[in-house]
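Note sheet for the following structure.
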Amino acid sequence: MRLEKVTPENYEAALKLSVRPDQEDLVGPVVKSLAEAYVFPDIAWPRLIFDGDRLVGFLMAFLDYAWGDNPDDVRSGLWKLNIAADAQGKGYGRFAVEAVCAEIRARGGNRAFVTWVPREGGPEDFYLKLGFRPTGEQSEGETVAVLDL
């Protein structure tokens, strides 16, 4: 498994990535994430996830983002995670989270944040198994969680 930057050569394949239909309310399409990366280039870190030559997912981290109204509360973490519907359950999500955590560590960070939609069938169990713990905060109706690195 490896990460690659989104490039003119691979972005069209990235746009075709889709999660399972029952997950579409949990994460936006890749095209929206790429638009957000364009609008927020100073904090967005978009990457494609490959297994060999096969594109299996997309992730986007947020790096050094001033959280809320407190300019001293600067956070980094996983912003988006889209694993192709036919590639789920094979360790790509775990790889993505570990890659984001490695990037945060490389930049001197010691905590990784993530949010999720709190509903049946959502990714809460996945993130809890990876060691994230809820902070008690909500962000736009989503649960905020943190992992000490």
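Values quoted throughout were computed directly from the atomic coordinates according to the rules given, and no laboratory measurement underlies them. All values derive from a computational prediction rather than experimental measurement. For neighbour counting, all protein chains shown are included, and Cβ atoms are generated from backbone atoms with ideal geometry for every residue, glycine included.
Across every direction, the projection of the convex hull enclosing the Cα atoms of the chain has a mean area of 8.8 nm².
Zone of Gln138 (label point 7 Å along Cα→Cβ, backbone N under 18 Å): which residues in segment 72-115? From segment 72-115, the list is 114-115.
Annotation for segment 72-149: GluC sites (Glu not before Pro) lying in DSSP loop with at most 10 further Cβ atoms inside 10 Å of their Cβ are Glu120, Glu140. Taking every lysine pair in the chain that is 8 or more places apart or spans two chains, those with Cα atoms closer than 23 Å amount to 11. Note on Val117 and Lys5: the model spin-label points, each 7 Å out from Cα along the C-beta direction, lie 3.2 nm apart. Rounding to the nearest 10 and keeping the result within 0 to 90°, find how far the Cα-based axis of helix 92-106 lies from the longest principal axis of the chain. Approximately 50 degrees, to the nearest 10. Around Lys80, with a cut-off of 9 angstrom between Cβ atoms, what is the net charge of the other residues, counting Lys and Arg +1 and Asp and Glu -1? So the environment of Lys80 carries a net charge of 0. Spacing of the modelled spin labels on Tyr38 and Asp86, each 7 Å from Cα toward Cβ, amounts to 2.9 nm.
The length gained on full extension between Leu128 and Glu98, counted as 0.36 nm times the residue separation minus their Cα-Cα distance, comes to 9.4 nm. On full extension, the segment bounded by Asp22 and Arg105 gains 26.6 nm, given 0.36 nm per residue less the C-alpha separation.
When trypsin sites (Lys or Arg not before Pro) are flagged only if DSSP places them in a loop and at most 12 other Cβ atoms lie within 10 Å, the longest unflagged stretch of the chain comes out as 17-106.
Rounded to the nearest 20 debye, the dipole size of segment 82-131 about its Cα centre is 220 debye, using +1 on the Cβ of Lys and Arg and -1 on the Cβ of Asp and Glu.
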